[in-house]
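S.K.: Dropping the structure in here first, questions after.
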Amino acid sequence: MSNEWPLWEIFIRGQHGMSHRHVGSLHAADAEHAMKNARDVYTRRNEGVSIWVVEAEKITASSPSAKGPMYDPSRGKVYRHPTFYDIPDDVGKM
Amino acid sequence: MYAQMVKSEATKDDPEQLAAFQARVDADEKIEPKDWMPEGYRKTLIRQIGQHAHSEIVGQLPEGNWITRAPTLERKANLLAKVQDEAGHGLYLYCAAETLGVSRDELTEMLLNGQMKYSSIFNYPTLTWADMGAVGWLVDGAAIMNQVPLQRTSYGPYARAMVRVCKEESFHQRQGFHVMMAMANGTADQKRMAQDALNRFWFPALMMFGPSDKDSVHSSQSMAWKIKMNTNDELRQKFVDETVPQAEYLGLTIPDEKLTWNEDTKEYDFTEPNWDEFFDVISGNGPCNVDRINMRQKAWDDGAWVREAMIEHAEKKAARKLAAE
Amino acid sequence: MDHLFEFLLRQGDNALVLGHRTSEWCGVAPALEEDIALANTALDLIGQTQLWLGYAAEVEGKGRSANDLAYLRDVYDFRNALMLEVPNNDFGRTLMRQFLFDAFQVPWLTALSASSDERVAGIAAKSLKEATYHLERSSETVIALGDGTDESNRRMQDALDYLWPYAGELFGQDATDQAMQDAGVAPVPASMRSVWDTQIEQTLSAACLSRPDTSFAHSGGCNGSRHTEHLGHMLAVMQTLQRSYPGAVW
């Protein structure tokens, strides 16, 4: 029987006001243990002010084969970007 | 290097898929865990990343050998932080390998039963405190040369692990050189220790880059896949060219009578390491192979009850929480 | 006797000796995550050693440094608690010892943070943050291993039974302790006992472990009158370079 601790994905907020960012993974027996391990493994150089731990198998990831239908349709929607709209310079800063 | 002599696996995949895959690699797209990849690519990567990870944790042992004997509180903290980083690097790399469908426990078993290798350099003993200088300066120096280009490797998780490793590793070589400087500027005994350490580690460090390109049959596929970025000889030459002036600065002599500056090539000519010795070490006959694996095996066995108990407790705790709800 | 010097040696030697023992785990812990965590603890303790022994050396005023104190004193000049010098044995004993010590250090350093001696207060405040995390980690590990499997429970009980007679020495009340209390530098360690007992009670109960029913306490470490045989071996290793090459700079 395998006693291997499950894999956890670690997200760290580097500075106040920033989003949490994925920094890596580690093994731990449960969430509390993962939190401590994350502190010890991933903040040794003063890298964080907040930690999220998520069990890897709880993450639902998009499938690479669905890349086309997932992401390509948004490419055509140039009107979502500010540069699409031509406003005369006379109007001033907008 | 930390992953020496990694044999590329032949691959028997659909030619069209292979071509599309190669096109992605050629376009410097990163390959991610769920993407389609040739079976040979996956297997070669598991072997390479696994070997790299094993090198980090076996590499803890020769330096760990001196933590309890470090001569000052400052040196003890520096060395401990460095060897701790190696555990961290092993951890990042095992996690990268795990994205390819192999568990850390499986990789560990393969290290312990000899199916997987680790870098030849860690089968040499660390005999004096000067070896902490030589290992940091030469071994980490050689490792960095290999690891910096690997930050651009085609496999995303491996590349990201290497970015983290390189960022942390930048103090390791300097730490080693700093130890070496103190010794080279020290008493007659210390100078003698420093020279002795260089004498013992010079050729083993050159061996870290693997056999000469002309004898290295596994490179071309790995280079096409961008999981190997430079040839062995390129990196070895670069290492020699960078290290010789550093040795001169220390006032130490590189133990190679044929070492000379070549005005035409603008690089140093140097003696190749003894490749028979290299193959002996790789095949298990280095000075420390048996001791290193025995020590890893003992740590693994001694820790089994802890790993088991932690998971048992987590399960009990979860069950109690459920029952209370 | 300079009581402040003596007091500072006790703090510094505790950190030095436990830091050294903890550093012995580097590379051989049960999992990489634990290996890294133990190294963090050891690094914290080495850092605390530098502060305590650095101040001790200043107070002594004989031109010695923290390193001189760590590397050039012999067994009878060490002032650490005996519990911290006994060998690590298995991971269970290592973590149990860490827990018993942390449970003392947290209230102790909290009290020292209010010391009339500003240097003591400063070192204590910095160390307290580290000790608080150590206690979180060590108490949770003791609970996990006590609760885990039959084997782990047995090992943790063995560890507790072995260490228990050494723990009492932490709660001293000798002339130095009294002098520190009189000077407002520190309360007497004995006054930490009830807070410690409460913490121990809680954790041991969650860990399914029984508190040994002896109140016997070894002594001789904190006053240096009689260390265990283990300290000499530790110093033989730790001090080898400084002793073998007198005067060399590393």
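The values are calculated or read from the model by the stated rules, or taken from the named source; none is laboratory data. Since the model is a prediction, treat every value here as computed from it, not as a measurement. Note that each Cβ is placed from the backbone with ideal geometry, even for glycine, and that neighbours are counted across all protein chains shown. All accessible areas refer to the heavy atoms of the entire protein, side chains included, with ligands and DNA or RNA removed. Shrake-Rupley method; radii C 1.70, N 1.55, O 1.52, S 1.80 Å.
S.K.: Could you please state, rounded to a whole Å, how far the C-alpha centre of segment B:164-216 is from the C-alpha centre of segment C:111-139?
M.R.: One Cα centre to the other: 39 Å.
S.K.: Which stretch or stretches of segment B:19-63 have amide N atoms under 15 Å from the point lying 7 Å from residue A:71's Cα along the Cα→Cβ direction?
M.R.: So the set is B:24-25, B:27-36.
S.K.: Return the long-range amide H neighbours of residue B:155 (sequence gap of 5 or more, or a different chain), with a cut-off of under 5 Å between placed amide H atoms.
M.R.: Here B:31 satisfy the definition.
S.K.: With every protein chain present, what is the per residue accessible area of segment C:3-244 (1.4 Å probe, Å²)?
M.R.: Using a 1.4 Å probe on heavy atoms only, each residue of segment C:3-244 averages 35 Å².
S.K.: Right, something else. Quickly estimate the mean residue ellipticity at 222 nm for chain C, helices only: each DSSP H run with n ≥ 4 gives -39500 (n - 2.57), and the total goes over all residues, rounded to 500.
M.R.: After summing the helix terms and dividing by the residues of chain C, the value is -22000 deg cm²/dmol.
S.K.: Work out how far the C-alpha atoms of segment B:239-325 reach from end to end along every principal axis, then list the three figures in whole Å, largest first.
M.R.: Over segment B:239-325, Cα extents along the principal axes are 79, 31, 24 Å.
S.K.: For residue B:313, what charge total do you get from the other residues with a beta carbon under 9 Å from its beta carbon, if Lys and Arg give +1 and Asp and Glu give -1?
M.R.: Local charge sum for residue B:313: -2.
S.K.: With a cut-off of 8 Å between alpha carbons and a minimum separation of six or more residues, what is the relative contact order of chain C in percent?
M.R.: 24 percent
S.K.: Please get the size of the charge dipole for segment C:3-244, origin at its Cα centre, with Cβ charges of +1 on Lys and Arg and -1 on Asp and Glu, quoted in debye to the nearest 20.
M.R.: Result for segment C:3-244 is approximately 440 debye, rounded to the nearest 20.
S.K.: Then there is this: Would you kindly state how much longer the chain becomes between residue C:150 and residue C:129 on full extension, computed as 0.36 nm times their sequence separation minus their alpha carbon distance, in nm to one decimal?
M.R.: Value of the extension gain: 4.2 nm.
S.K.: Would you mind telling me the share, in percent, of accessible area of the protein assembly as shown contributed by carbon and sulfur at probe 1.4 angstrom?
M.R.: For the protein assembly as shown, the apolar C and S fraction of the accessible surface comes to 53 percent.
S.K.: With respect to the cross-link table entries B:7/B:298; B:34/B:167; A:58/B:34; B:7/B:228; B:43/B:82; B:167/B:226, which display a Cα-Cα separation exceeding 19 Å?
M.R.: Violating the 19 Å limit, Cα to Cα: B:7/B:298; B:34/B:167; B:43/B:82; B:167/B:226.
S.K.: Cβ under 13 Å from residue C:148's Cβ, residue C:148 left aside: what net charge do those residues give with Lys, Arg +1 and Asp, Glu -1?
M.R.: Spelling it out: positives minus negatives among the neighbours equals -3.
S.K.: Can I ask one more? Which ³J(HN,Hα) values, rounded to whole Hz and listed in residue order, are derived for segment A:85-92 from phi using the Karplus coefficients 6.51, -1.76 and 1.60 in 6.51 cos²θ - 1.76 cosθ + 1.60 with θ = phi - 60°, glycine and proline given as x?
M.R.: Here the 3J(HN,Hα) series is 9, 8, 10, x, 4, 4, 5, x Hz.
S.K.: Then there's this: Placing unit charges on C-beta atoms (Lys and Arg positive, Asp and Glu negative, everything else neutral), compute the dipole magnitude of chain A about its Cα centre in debye, rounded to 20.
M.R.: Dipole about the Cα centre, nearest 20: 160 debye.
S.K.: While we're looking at this one, here's another question. Could you work out the equivalent-ellipsoid semi-axes for segment C:1-127, taking the square root of 5 times each eigenvalue of the Cα gyration tensor, largest first, in whole Å?
M.R.: Each semi-axis is √(5λ); the values are 26, 16, 13 Å.
S.K.: Another one. In degrees, nearest 10, range 0 to 90: what is the angle between the Cα axis of helix C:91-112 and the longest Cα principal axis of chain C?
M.R.: 50 degrees
S.K.: Using only the alpha-carbon atoms of the protein assembly as shown as identical scatterers, what base-10 log of I(q)/I(0) does the Debye formula give at q = 0.08, 0.09 Å⁻¹?
M.R.: Those come out to -0.68, -0.84, one per q.
S.K.: If you don't mind, another one. Which log10 I(q)/I(0) values, to two decimals, does segment C:3-244 give at q = 0.12, 0.13 Å⁻¹ under the Debye formula with one point per Cα?
M.R.: The computed values of log10 I(q)/I(0) come out as -0.64, -0.76.
S.K.: Something else now. Please state the Cα pair-distance histogram of chain B with 10 angstrom bins from zero: what percent is in each bin?
M.R.: In whole percents, the pair-distance histogram is 5, 24, 32, 23, 11, 4, 1, 0.
S.K.: Ignoring everything except DSSP H segments at least 4 long, calculate the 222 nm mean residue ellipticity for chain B; use -39,500 (n - 2.57) per segment, divide by total residues, nearest 500.
M.R.: -20500 deg cm²/dmol
S.K.: Lysines within cross-link reach of residue C:129: Cα-Cα under 19 Å, excluding same-chain residues under 8 positions apart?
M.R.: A:36
S.K.: Follow-up question, since we're still on this one. Compute the acute angle (0 to 90°) between the alpha-carbon long axis of helix C:193-206 and the principal axis of greatest extent of the alpha-carbon atoms of chain C; round to the nearest 10°.
M.R.: Compared with the principal axis, the helix lies near 30 degrees.
S.K.: Determine the sum of side-chain charges near residue B:187: Lys and Arg each +1, Asp and Glu each -1, restricted to other residues whose C-beta is under 15 angstrom from that of residue B:187.
M.R.: Its environment carries a net charge of +1.
S.K.: Just from the alpha-carbon atoms, what are the Rg and Dmax of chain A in angstroms?
M.R.: Expressed in Å, the Cα Rg and Dmax of chain A come to 20.9, 74.
S.K.: How high is the FRET efficiency from residue B:185 to residue B:26, r the C-beta distance, R0 56 Å, rounded to 0.05?
M.R.: Taking R0 as 56 Å, the efficiency between residue B:185 and residue B:26 is 0.65.
S.K.: Need the per-residue list for segment C:26-48: every residue with at least 50 Å² less accessible surface in the complex of protein chains than in the chain by itself, probe 1.4 Å, sorted by number.
M.R.: SASA drop of 50 Å² or more in segment C:26-48: C:26, C:27, C:28, C:30, C:32, C:33, C:36, C:40, C:43, C:46.
S.K.: Once amide H atoms are placed 1.01 Å from N in the peptide plane, what residues at a sequence separation of 5 or more from residue A:21, or on another chain, have their amide H within under 5 Å of its amide H?
M.R.: A:12, A:13, A:14
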